[in-house]
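**Student:** The structure under discussion is supplied below as structure tokens; questions concerning it will follow.
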Amino acid sequence: MDTLPAYERDPYATALETRVLRTGAEQGRPFAILEDTILYPEGGGQPADRGTLNGTAVVDVQKRDGEIRHYLAAPVVEGPASLELDWPRRFDHMQQHTGQHLLTAVAQDRFQWETTAFHLGASICDIELSASSMSLRDMEQLEEKVADEIRAHREISARRVSPEAYKLEAVRSRGLPEGHTGDIRLIQIAGVDLNTCGGTHLRHTGEIEALKLLGTESIRGGTRLFYVAGRRARLRLDAHERRTAGLRALLGAPDEDLVSVLQGKLDQLQTAERRARKLEEELAEMQASALALRPEALVEAHFEDRDMAFLQKLARQVLAADPGKAVFLTAAAGGQGLFLLSAGEACGLDVPALGKAVAAILGAKGGGSGRTFQGKAPDLKARAGALARLREG
Ligand SMILES: [Zn+2]
């Protein structure tokens, strides 16, 4: 076997005939060590590849103690092995990762912003830059310059150099991993960048297709810059188009008016809600006045589509008007039943005991203390029975 793994010799190889040299399990996860591999192990901000080994899913790939462990969905046996790479996923990583090299180089050369971190996320990526702030104009210029370099179709190449030769190379400042020994891998974007990296890269900048900056966020004295590259940029645009088409259909407005039309609708909704609350309060007052005038000592009433707050408000108003009364109020709300039993200050009803009895009859959960008991029931089918029990006292 060549000393370099196949993913480094040819990052475009999607299938490999090799051998399983050894198998094992790490905390119950089966893994295999192969003679050679096209699956990239997680490192340098680039996620681990996925694929299959003799048809079994490779769920993770990690470097451990100088060897590459392929973690598997199920154990495999030693011997000949057909390895296949999940290529669309890997190519996406190559587009994001190579895009990051270019973005980092342009940010430093044009703006003197140094890249301090890189995250390749499942949907978007970001780099952290030593920029105390970044204006929209800065972002536009950065994105345009990156687009220039993509169109320039610059060749990208990888080579290994000895530690001695490395010292003579004009490498962009980026330290080697701690404890690094042996040759150092350099990635060159012709005319733009020379940097150390162990990841997988595209053949030329044209394959990045496009790199779109999405926004920034202040972080630890620097700026986090979000972006997507390649097919992701097209998929993201596609999602935006579908969402916008949905909004156009809902709001009946062209793209440029969507925000103002929606703002208008939200303002209307707020006004309508305020009005509905006021009307509900007025209605509660009228209903409370009518209930307080009833001759019976235990006033009962049922309401459709009202919440517990409405029942409480009504009870307070009735009992304030006539403290000698008690109320038994129910409401249907959201597919369930609500009930409230409450007694005025001059009423001798044993609310805690009767509340429990009513809850049991209704099959309800509830509680209370002193003069009020309230609860929720799956339905109010036993309401007449509960009322009869209350009238017994
Ligand atoms: Zn790289």
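**Student:** Please give the charge dipole size of region 77-140, origin at the Cα centre, charges +1 on K and R Cβ atoms and -1 on D and E Cβ atoms. Round to the nearest 20 debye.
**Tutor:** It comes to approximately 140 debye.
**Student:** Considering all alpha-carbon pairs of region 173-323, what whole percent are spaced by more than 25 angstrom?
**Tutor:** Of all Cα-Cα pairs in region 173-323, 68 percent lie more than 25 Å apart.
**Student:** Choose one answer from 135, 260, 369: the residue with the largest mean-square fluctuation in a GNM of the chain with alpha-carbon springs under 10 Å.
**Tutor:** Fluctuation is largest for 369.
**Student:** What trypsin sites (Lys or Arg not before Pro) in region 332-393 are in a loop by DSSP, with at most 11 other Cβ atoms within 10 Å of the Cβ?
**Tutor:** Working: sites: 356, 365, 371, 376, 381, 383, 389, 391; in loops: 371, 381.
Answer in residue order: 381.
**Student:** What is the Cα coordinate range of region 274-392 on the first, second and third principal axes, sorted by size from largest, in whole angstrom?
**Tutor:** On the principal axes, region 274-392 reaches 38, 34, 23 Å in Cα extent.
**Student:** Right, another one. How high is the relative contact order of region 91-238, in percent, counting Cα pairs under 8 Å that sit 6 or more residues apart?
**Tutor:** Taking the mean separation of contacting Cα pairs over the length of region 91-238, I get 32 percent.
**Student:** A further question follows. Hey, fewest Cβ within 10 Å first, where do 94, 286, 308 land in order? Can you show the working numbers first?
**Tutor:** Values: 94 24, 286 11, 308 16.
Lowest to highest Cβ neighbour count: 286, 308, 94.
**Student:** Based only on other Cβ atoms within 10 Å, what is the fewest-to-most ordering of 63, 313?
**Tutor:** 63, 313
**Student:** Sorted from largest down, what three extents in whole angstroms do the Cα atoms of region 6-85 have along their principal axes?
**Tutor:** Projected onto its principal axes, the Cα set of region 6-85 covers 29, 25, 20 Å.
**Student:** First check a/c for region 247-317, with a ≥ b ≥ c the square roots of the eigenvalues of its C-alpha gyration tensor; if it is under 1.5, answer rounded, and if not, answer prolate when a/b is larger than b/c or oblate otherwise.
**Tutor:** The shape class here is prolate.
**Student:** List the chymotrypsin sites (Phe, Trp or Tyr not before Pro) in region 3-43 that DSSP assigns to loop (not H, G, I, E or B) and whose Cβ has at most 14 other Cβ atoms within 10 Å. Which are they?
**Tutor:** On the way: sites: 7, 12, 31; in loops: 12.
For chymotrypsin sites (Phe, Trp or Tyr not before Pro) across region 3-43 that sit outside H, G, I, E and B with at most 14 neighbouring Cβ atoms in 10 Å, the list reads 12.
**Student:** Moving to a separate point now. Taking only C-alpha pairs under 8 Å that are 6+ residues apart, what is the relative contact order of the chain in percent?
**Tutor:** Normalised by residue count, the contact order of the chain is 9 percent.
**Student:** How big is the Cα convex hull of region 91-238 in projection, averaged over all directions, in nm²?
**Tutor:** The orientation-averaged projected area of the Cα hull of region 91-238 comes to 9.0 nm².
**Student:** Next question. Going toward the positive end of the dipole of the chain, with +1 on Lys and Arg Cβ and -1 on Asp and Glu Cβ, which of 6, 286, 95 do you reach last?
**Tutor:** 286
**Student:** From zero outward in steps of 20 Å, how is the percent of C-alpha pairs of the chain spread across the bins?
**Tutor:** In whole percents, the pair-distance histogram is 20, 29, 20, 24, 6, 0.
**Student:** Name the residue, out of 62, 263, 312, whose mean-square fluctuation peaks in a Gaussian network model built on the chain with Cα pairs under 10 Å.
**Tutor:** 312
**Student:** Choose one answer from 36, 109, 267: the residue with the largest mean-square fluctuation in a GNM of the chain with alpha-carbon springs under 10 Å.
**Tutor:** Evaluated over the chain, the most mobile residue of the options is 267.
**Student:** Then there is this: Out of region 112-208, which GluC sites (Glu not before Pro) are coil in DSSP terms and have no more than 10 other C-beta atoms within 10 Å?
**Tutor:** Hits after loop and neighbour filter: 178.
**Student:** Could you pull out every residue, at least 5 positions away or on a different chain, whose amide H is within less than 5 Å of the one on residue 116? Hs are placed 1.01 Å off N in the peptide plane, and Pro or chain starts have none.
**Tutor:** 128, 129, 130
**Student:** Okay, moving on. Here is the link list: 145/265; 313/356; 278/325. Which ones come out longer than 31 Å on Cα distance?
**Tutor:** Violating the 31 Å Cα-Cα cut-off are 145/265.
**Student:** Still on this structure: Picking from 246, 51, 308, whose Cα lies most toward the positive end of the charge dipole for the chain (charges on Cβ: Lys, Arg +1; Asp, Glu -1)?
**Tutor:** Of the candidates, 308 comes out farthest on the positive side.
**Student:** To the nearest 20 debye, what is the magnitude of the charge dipole of region 6-85 about its Cα centre, counting +1 on the Cβ of each Lys and Arg and -1 on the Cβ of each Asp and Glu?
**Tutor:** Numbers: 8 positive and 13 negative charges, 39 e Å.
It comes to approximately 180 debye.
Read-outs throughout are calculated quantities, based only on the coordinates presented, and are distinct from any laboratory measurement. Remember, predicted model here, so these are calculated numbers, not experimental data. Here Cβ is always computed from backbone atoms with ideal geometry, including for glycine, and neighbour counts include all displayed protein chains.
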